[in-house]
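Visitor: Encoded as structure tokens, here's the structure I'll be asking about.
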Amino acid sequence: MLSGKNIVLGVSGGIAAYKALDIVSKLKKLNANVDVIMTSSAAEFIKPLSFQALSQNPVIIDMFEEPKQWEIQHISLAKKADIFVIAPATANIIGKVANGIADDMLSTTVMATKAPVLLAPAMNTNMYESPIVKDNIHKLKKYGYLFIEPASGRLACGDVGKGKLPDVSDIVDEISLILYSNKDYNGKTVLVTAGPTQEEIDPVRYISNHSSGKMGYAIAEAARNRGAEVILVTGPVALIPPRYVQIINVTSNADMYNAVMDVYDRCDIIIKAAAVADYKPAEAFKHKIKKTDEDLNLSLKKNIDILKELGKIKGSKILVGFAAETDDLINNAKTKIEKKNLDMIVANDVTVEGSGFKADENLASIIKRDGEILSLNKMSKSELAHKILDIVKTIN
């Protein structure tokens with residue numbers, strides 16, 4: 001979350017200017033305050049009123065417009081910013097900033113800020129590959145300006161190549177990463193498991209569960225933001241994995257067990273948020289089981305209990321488990337702590353509406369090995385991820 005953070009977004013004149021609306025929307029959903037500065041060229045592509053409606057702040061374009069408050073706007077915004085973002089950043093604005101040209105509100109304000117400056121280039125691929133643009137980007141990087149690489153694909157002009165505005169989610173993610181100043185997990189390697197596993201019945205059917213992977217992915221992102229090296233072992237999910245995280249994709253319980261054991265020695269903290277299938281078919285059929293008029297009896301056998309196996313070799317590592325329960329939540333979770341040698345467990349009742357599997361929020365209780373119970377209010381999975389990491393820090 002970006003609560004209380006002030007983000008100044010500069011929008012320069014390119015066809016990708018419309019995507020900046022989505023940047024503002026996503027930042028506002030993270031509770032950030034957003035001020036928008038547009039170049040006059042950007043205002044030819046999209047109306048300032050759209051940015052004003054989304055940001056809930058006046059949009060600034062004209063340097064010489066009569067100020068709404070008695071302050072020098074480019075200086076006040078420059079000081080206000082926790083981060084200054086230019087998206088899209090055209091060759092023109094990159095060239096201006098690199099060469100000290102301050103002739104409009106955007107170039108003037110970015111020159112005056114002491115906040116981190118992140119530029120998201122978007123332009124024709126030939127322009128992006130131009131030696132002049134490359135030199136300007138190189139010069140700005142030497143001055144400490146930050147860049148997010150443009151994407152490749154079909155451009156508005158019809159050319160194919162590098163130059164598309166980076167994905168909006170990636171831009172917002174980069175902003176969050178830069179602004180998260182608490183790097184209390186620097187030097188730590190955190191292993192997170194996420195999502196369901198699938199146990200094959202035949203080539204077209206499998207056993208699985210309702211896990212979406214959202215909780216595990218939120219923990220991986222939070223740990224990354226706090227400076228950890230993160231390894232995410234993930235079952236099949238429909239989520240975009242966090243950037244700058246080592247991703248290991250798995251399908252079955254056995255796949256996840258092998259992947260976890262392969263990297264276990266490198267890790268300081270293991271957080272097992274995955275909903276691993278407890279049982280698998282006793283026999284996986286090589287050919288599709290044909291439907292008949294008769295009932296089908298499927299024999300199941302026990303899967304490896306990955307968390308219990310980790311508990312046997314835990315040593316000095318911190319081991320965190322999850323308990324998704326439908327009844328007797330606390331007692332069932334406490335039993336798991338003892339049986340699986342955990343340092344703490346995150347317990348949630350999956351019958352609570354709007355919480356648990358597939359939801360964006362969770363209502364959880366965190367139980368430590370010493371018996372301490374922390375009952376939390378319902379919150380986003382991102383907020384809960386940070387709560388979990390806060391409590392992990394207290395474990396000796």
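The values are calculated or read from the model by the stated rules, or taken from the named source; none is laboratory data. Quick caveat: nothing in here was measured; it's all calculated off a predicted structure. Ideal geometry is used to build each Cβ from the backbone, glycine not excepted, and the neighbour counts take in all protein chains shown.
Visitor: Select, from VAL110, VAL97, the only residue that is in contact with a Leu (Cβ under 7 Å, 6 or more places away or on another chain) and either more than 17 Å from LYS164 (Cβ to Cβ) or buried (at least 17 other Cβ atoms within 10 Å of the Cβ) (or both).
Guide: Unique residue meeting the criteria: VAL97.
Visitor: Checking the conditions here, which among GLU174, GLU149 is loosely packed, with under 13 Cβ neighbours inside 10 Å, closer than 22 Å to TYR244 by Cβ and acidic (Asp, Glu)?
Guide: One residue alone meets the criteria, GLU149.
Visitor: Please tell me if PRO166 is surrounded by 19 or more Cβ atoms within 10 Å (Cβ to Cβ) and either within 24 Å of the chain's Cα centre (by Cα) or not assigned by TED's automatic domain parsing to the domain that holds ALA120 (or both).
Guide: Against the criterion (surrounded by 19 or more Cβ atoms within 10 Å (Cβ to Cβ) and either within 24 Å of the chain's Cα centre (by Cα) or not assigned by TED's automatic domain parsing to the domain that holds ALA120 (or both)), PRO166 qualifies.
Visitor: On to the next question. For segment 123-146, does any single residue satisfy the condition of being within 22 Å of LEU27 (Cα to Cα), outside any loop (DSSP other than H, G, I, E, B) and touching a residue at least 24 places away in the same chain (Cβ under 8 Å)?
Guide: Scanning segment 123-146, I find at least one residue that is within 22 Å of LEU27 (Cα to Cα), outside any loop (DSSP other than H, G, I, E, B) and touching a residue at least 24 places away in the same chain (Cβ under 8 Å), so the answer is yes.
Visitor: Right, something else. Checking the conditions here, which among ALA323, ALA347 is closer than 24 Å to VAL230 by Cβ and out of contact with any Phe, Trp or Tyr (no Cβ under 9 Å at 6 or more places or on another chain)?
Guide: Step by step, each of ALA323, ALA347 is checked, and only ALA323 is closer than 24 Å to VAL230 by Cβ and out of contact with any Phe, Trp or Tyr (no Cβ under 9 Å at 6 or more places or on another chain).
Visitor: What's the number of the only condition in (1) more than 30 Å from SER355 (Cβ to Cβ); (2) touching a residue at least 12 places away in the same chain (Cβ under 8 Å) that ILE240 fails to meet?
Guide: Result: ILE240 passes all but (1).
Visitor: Being assigned to a strand (DSSP E or B), in contact with a Gly (Cβ under 8 Å, 6 or more places away or on another chain) and outside the structural domain of PRO121 (by TED's automatic domain parsing) is true for just one of THR251, THR193. Which residue is that?
Guide: The conditions single out THR193.
Visitor: Follow-up question, since we're still on this one. Scan LYS96, LYS114 and give me the residue that is in the same structural domain as ALA78 (by TED's automatic domain parsing), of a type in the set (Lys, Arg) and not in a helix (DSSP H, G or I).
Guide: LYS114
Visitor: Also, quick follow-up: For segment 305-320, indicate whether the set of residues that are in the same structural domain as PRO196 (by TED's automatic domain parsing) and touching a Pro at 6+ places or on another chain (Cβ under 6 Å) is non-empty.
Guide: Scanning segment 305-320 turns up no residue that is in the same structural domain as PRO196 (by TED's automatic domain parsing) and touching a Pro at 6+ places or on another chain (Cβ under 6 Å).
Visitor: Can you report the number of residues in segment 228-256 which are modelled with pLDDT of 95 or more and touching an Asp or Glu at 6+ places or on another chain (Cβ under 7 Å)?
Guide: Total meeting the criteria: 2.
Visitor: Could you say whether any residue in segment 263-277 is basic (Lys, Arg) and closer than 16 Å to PHE322 by Cα?
Guide: So far as segment 263-277 goes, yes, one or more of its residues are basic (Lys, Arg) and closer than 16 Å to PHE322 by Cα.
Visitor: If you scan segment 86-116, which residues turn out to be in contact with a Ser or Thr (Cβ under 8 Å, 6 or more places away or on another chain) and acidic (Asp, Glu)?
Guide: Across segment 86-116, the qualifying residue is only ASP104.
Visitor: Oh, and also: So, restricting to strands (runs of 3 or more DSSP E) that lie completely within segment 266-346, which ones have at least 1 residues that are surrounded by 22 or more Cβ atoms within 10 Å (Cβ to Cβ) and more than 25 Å from the chain's Cα centre (by Cα)?
Guide: Where strands (runs of 3 or more DSSP E) fall fully within segment 266-346 and carry at least 1 residues being surrounded by 22 or more Cβ atoms within 10 Å (Cβ to Cβ) and more than 25 Å from the chain's Cα centre (by Cα), they are 279-281.
Visitor: Still on this structure: Within segment 208-247, which residues are part of a strand (DSSP E or B), among the β-branched types (Val, Ile, Thr) and crowded, with 18+ Cβ neighbours inside 10 Å?
Guide: Residues satisfying the conditions are VAL230, ILE231, VAL233, THR234.
Visitor: Residues SER12, SER41, SER50: which one is surrounded by 15 or more Cβ atoms within 10 Å (Cβ to Cβ), among the polar types (S, T, N, Q) and farther than 23 Å from TYR145 by Cβ?
Guide: The unique qualifying residue is SER50.
Visitor: List the pairs whose first member sits in segment 256-282 and is in the same structural domain as ALA223 (by TED's automatic domain parsing), whose second member is hydroxyl-bearing (Ser, Thr, Tyr) and part of a strand (DSSP E or B), and whose Cβ atoms are under 7 Å apart, counting only residues at least 6 apart or on separate chains?
Guide: Partner pairs satisfying both residue conditions: MET256/THR193; VAL260/THR193; ARG266/THR189; CYS267/THR189; ASP268/THR189; LYS272/THR193; ALA273/THR193; ALA274/THR193.
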